[in-house]
């Protein structure tokens, strides 16, 4: 593993970002987390446009953690565009939302999300989830072991 | 015999002659040889040459054979011996003695003769051989020519024969067939060669065909026989066949047959035979159905049908209707009764009736075309429809059908047309006879049974032709007596002239019928009045054929009429008054008319009608006088008035002047002398007075006249009373209408208010729905948005605890734990809230739900969670209700979970699920004997997050019953509970369907 693969977190809430960083840190993966703060920025990051125009786009994250409630473009819209783009259509996307609604889950599945994770209130649960996800896509082969929350 | 001898003699003579010539020639050859020798001897000095002699021998032998040769040689030898002698000049030239020379000559001659003879014989043999060969060749050529000719003859006979010619091998397979045969059967030669002759025969014909085949194989064929075969197209063909064995070198190798198509002949013969009896049979039947059966039989003979129908145009209902309809059910021909036949005649029959015959002949197919219908009948793919004609007019349709394809062809159609043509006349006759008979029966029934007296008459002379019993009864004569009489004889003498005139008009055609009231003179010379209608019946040519008179006895009526006439006369006046008292005009106008009538009727100077009003009588109307000259009001106590009013009887006053010195009216001025008056009485109550005044003294006013006047007065009284009533009613009506109008306005107001109210309710409902929706959306979004901060509180508290725990004392750590616990609690609460809001947003699908089964399942699960507990469960089985299964499960789960939870401290817990059949619909309940509740809080039970027990006592969030209520409300039902602390609780709900 010459170049370190990383995870892109799309999250507008600073508190949640901090908690996510902490969870990654606890998993010894603090340096693998890149955060963008809205949907538009996420797309710029992935497609190398706008503020990320100078950014080297050849390097895609190993996984995207995508919040649904986002300023500018919401999570569904980001997911739809990611799947529509040839380069990113196979990119693993995990929806990270505080909603546990059936509709949200179904819509995510329909748009091609790889997994759906409800943001747990319990921090320990979150750490466990992060560990499982990173094991799966950051180091593993993309097969998620059973029972993601 | 004699001749034969002659010819033999001639032959031998000819032989003899030719033989003789040879020998003469042999002698003759000697002479030239001697001459030549002599010439040679003299001219050439050739003494020795024997050459001429040898030449002579050679010639002679060549010409006549060895015998003449020898003769020549001998002659030469003899002659030369004498004449030339000089034998030394013999060819050798040597000096030989004469005998030797002679011998030499003879030997030489012999040699020549031998050689020539041998040569001759060889040549003759060769010639004979050549001749023989030539002869042979010739003969062969001749034979060949003969053979060719024969072959050609045969081939042409085979190929161009109009009859079918074919051969069969010993197995019965076809080997050859001529074009006619192929055309006849419809198969190609290649196909035919795969078939045996039996394939063409129907089962019954097959045995016959086999028999003939075997006869041929035994070389004893019958001269001919007839056979019916079926062609490839399914057409049946009658054949006239002669055949025999094919022999090759005396051995039978096959069978040939020549077949002539005699279908047409057979058919026409059958047709002729069938027709020959048809006419006779048809003439003996009287009903169309019987005729139909006969035609059906004939058609069966001719066409072999499976279905048959005869339809005739009915003159009664003007359409084609079934006469006979036969179909084959399960192989049996069955007549279908008209009312069981398929409704309506097929459109096809109608078409045929209008446009002419039709043949439905679908091409034959290999598959069995039979279509078996449910009732066992079959469809007929082959059908023929022909119209039945009578004198260029279609009177019906005949059809036959077959349950297989290709059963009929154009020829059959023609035959069927011929049959229907043949039957047309007979059917028409039968139908006409039937109609006639029916008419006659109908007429007879009508004639006899009608209530009126009827008779038929000769138009001229009026002799009775027929009378019905009623007529006999009316006239008093017997039927026999009447038939000898004329109409005139039974007519009353006074009516005879009128009757005669009417009859004259009738016969002249001025009228078609007439009606008169007349009298008959009965046998006992009494008279009876009748109302007679007389009608003339004309025949087809328009000539009068008979007259029908129909009479009703009106004797009683006549008597009544006479009585009436008298009373009519008497009451004419009253009637005219009564008629006058009808109308819409004001009562004054009406009464003026009445007064005029009365005045005219009695021929008086004036007529006055006054009405009682209080203590006076008011002038209502008057005739004959101007209203102005009369006093409008009179006191009732005047002498004239008081008598009428008090005694209530009509009065007659001959002299008004004598009545009083001071009369109420100035009668003398008005020129009124006599008076008659009557009270206007209604139900014995006086309402006024009618009076008539004569301008001259009248003495003879009788009691009857007074009575009549009273009757008139009564009518007038009634009219006035009626008018009053009418006026009152009119008033009442107006009042009523006013009331109705008011009422309607009120109703309209109410209606308007109602509509407004409904609108307001609708608006309010919509507002409420909107508010509810907003509330739901709010709850949803709050629940979600609350989570974010909560997550931060929880997350960072945990981070604090993780990283700074060492710096905190025990109290600090304890606080942190409490914060973390509170976060979890709140998370759960938010979950519940979301859950609750989701229930209201969820789509509902109503379908039958077995509540009993649901409850059983839930209780079984609960029992598994705490197997140690002793709980008596009682579920009423079979409670099924249309509802959303998912929601109902959640509701029941909550109720039963509660029951389970709140009975946790009971030693013997009881949980029951059941239904009470209430008048308003079934009420379901979950009952337990658990902790119960205080009824004071019963209305708070179902509120969200309401708890009646501490969490220590019974854990929970107080969301369960709120959930239940929401679910039941969504089904349009109601929830309530009854309980007592410590004694358990019952939770009720309804589910209106």
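Bear in mind that the values in this text are calculations on the coordinates, not laboratory data. Because the structure is a prediction, the values reported are computed rather than measured. With ideal geometry, Cβ positions are generated from the backbone for all residues, glycine too; neighbour counts draw on all protein chains shown.
The share of alpha-carbon pairs in the range A:1-91 lying farther apart than 16 Å comes to 54%. Mean residue ellipticity at 222 nm, helices only, chain B: -17500 deg cm²/dmol; runs of at least 4 DSSP H residues each add -39,500 (n - 2.57), and the sum is divided by the number of residues.
Normalised by residue number, the volume inside the convex hull of the Cα atoms of chain B is 777 Å³ per residue.
When B:907, A:72 are sorted by how many other C-beta atoms sit within 10 angstrom of their C-beta, beginning with the fewest, the order is B:907, A:72. Simple spin-label estimate for residue B:120 and residue B:273 gives 8.7 nm between the two label positions (7 Å along the Cα-to-Cβ direction from each Cα).
Take the alpha carbon gyration tensor of the protein assembly as shown, find the square roots of its eigenvalues, order them as a ≥ b ≥ c, and report rounded if a/c is under 1.5; if not, report prolate when a/b exceeds b/c, else oblate. Since a/c reaches 1.5 but b/c is at least a/b, the shape of the protein assembly as shown is classed as oblate.
Ranked from largest, the principal axis spans of the Cα set of the range B:103-228 equal 105, 29, 25 Å. Using just its DSSP H runs of length 4 or more, each adding -39500 (n - 2.57), chain A gives a mean residue ellipticity at 222 nm of -10500 deg cm²/dmol after division by all residues. Its convex hull of Cα atoms gives the range B:189-323 a direction-averaged projected area, equal to a quarter of the hull surface, of 11.9 nm². By the beta-carbon count within 10 Å of each Cβ, the least crowded to most crowded order of B:472, B:622, fewest first, is B:472, B:622. When both the range B:412-481 and the range B:879-897 are represented by their alpha-carbon centers, they are found 85 Å apart. Under conditions of 4 °C and 1.567 mPa s, the range B:454-497 yields 124 µm² s⁻¹ as its translational diffusion coefficient, taking Rh as the Kirkwood radius over Cα pairs in the Stokes-Einstein equation. Angle of helix B:263-283 to the longest C-alpha principal axis of chain B, folded into 0 to 90 degrees and rounded to 10: 40°. Comparing A:92, A:61, A:120 in a Gaussian network model of chain A where C-alpha atoms under 10 Å apart are linked, the largest mean-square fluctuation is found at A:120. Going by alpha carbons, how many degrees (0 to 90, nearest 10) lie between the helix axis of B:410-449 and the longest principal axis of chain B? Approximately 30 degrees, to the nearest ten. Mean partner shielding of peptide B:789-800, defined as the number of other chain Cβ atoms within 10 Å of each residue Cβ, is 5.
The mean sequence separation of alpha-carbon pairs under 8 Å and at least six residues apart, normalised by the residue count of chain A, gives a relative contact order of 22 percent.
Given a Förster radius of 60 Å and the C-beta distance between residue B:727 and residue B:759 as r, what FRET efficiency does 1/(1 + (r/R0)^6) yield to the nearest 0.05? Could the numbers behind the result be given before it?
Values: r = 48 Å, r/R0 = 0.80.
Once rounded, the FRET efficiency stands at 0.80.
Computed over chain B, relative contact order equals 4 percent, with contacts defined as Cα pairs under 8 Å that lie 6+ residues apart.
Could you state the angle between the C-alpha long axis of helix B:555-580 and the longest principal axis of the C-alpha atoms of chain B, as a value from 0 to 90 degrees rounded to the nearest 10? The two axes meet at around 50 degrees. How would you classify the range B:242-282 from its alpha-carbon gyration tensor, with a ≥ b ≥ c the square roots of the eigenvalues: rounded for a/c under 1.5, else prolate if a/b is greater than b/c, otherwise oblate? In terms of gyration-tensor shape, prolate.
With neighbour counts taken as other beta-carbon atoms within 10 Å, the residues B:842, B:641 rank, fewest first, as B:842, B:641. Mean sequence separation of contacting Cα pairs (under 8 Å, at least six apart), scaled by the length of the range B:392-537, corresponds to a relative contact order of 14 percent. Given R0 = 30 Å, the distance between the Cβ atoms of residue B:335 and residue B:448 translates into a calculated FRET efficiency of 0.30. Note on chain A: GNM, Cα springs under 10 Å; of A:23, A:62, A:84, the largest mean-square fluctuation is that of A:84.
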